[in-house]
Structure formats: C-alpha cells, structure tokens
Amino acid sequence: GNTPKHSHEWEHEVFIHSGSGEVLCDGEWRTVSVGDAVFVPGNEPHQFRNRGEVPFAFICLIPAGPPEL
C-alpha cells in the first residue's frame, strides 16, 4: 500500500517501526527500514509506499497546532 502524495504547512518526523519502504521527499524516492527516521519539512510534497512483503509501519510526530488535530 501507500499514502497519497500530499503536503501540508507543518513539518513532521516519521519513525519506521516495521517493514521497509520508500519515501518521496525532496523530489526523490529514498529507501527506509526499521530504525530509520525521516524529517519532512512543511509544505514539502511527500508520500510513503510499502516495497516489502510485510506490513510497513511508521509513526508520525506532528507539532502541536495544526487545525486538523
């Protein structure tokens, strides 16, 4: 599976907990796996996709204040 390609005003940090995948950040696909962390700046188009056979799980840390939260 994958997330949709999207952007938003706030930054977030993403911590990979299981599986492996790729993240589109700064216009490039980068491989990520367990133990990796990704910084996504505000207003940066980004997307995550699973490239393995096991679930790709990650947690996003988002600063306080976004109206959606």
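The values are calculated or read from the model by the stated rules, or taken from the named source; none is laboratory data. Keep in mind that this is a model prediction, so the values were computed, not measured. Because the Cβ atoms are built from the backbone with ideal geometry, glycine has one as well, and the counts that use them run over all protein chains shown. Protein only, heavy atoms only, side chains kept; ligands, DNA and RNA dropped before computing areas. Shrake-Rupley method; radii C 1.70, N 1.55, O 1.52, S 1.80 Å.
What to note about this one:
- Phe15 being in a strand (DSSP E or B), open to solvent by 70 Å² or more (accessible area, probe 1.4 Å) and either on the phi < 0 side of the Ramachandran plot or not acidic (Asp, Glu) (or both): yes
- Any chance Thr3 is open to solvent by 70 Å² or more (accessible area, probe 1.4 Å) and hydroxyl-bearing (Ser, Thr, Tyr): no
- Cβ-Cβ contacts under 9 Å between residues 6 or more apart (or on different chains), taken from a first residue in region 30-55 that is within 15 Å of Thr3 (Cβ to Cβ) to a second residue that is of a type in the set (S, T, N, Q) and open to solvent by 70 Å² or more (accessible area, probe 1.4 Å), are listed as Gln47/Asn2; Phe48/Asn2; Arg49/Asn2; Asn50/Asn2; Arg51/Thr31.
- Region 19-49, residues that are open to solvent by less than 40 Å² (accessible area, probe 1.4 Å), not β-branched (Val, Ile, Thr) and not in a loop (DSSP other than H, G, I, E, B): Gly21, Glu22, Leu24, Cys25, His46, Gln47, Phe48
- Residue count, region 50-69 (criterion: open to solvent by less than 90 Å² (accessible area, probe 1.4 Å) and in a loop (DSSP other than H, G, I, E, B)): 7
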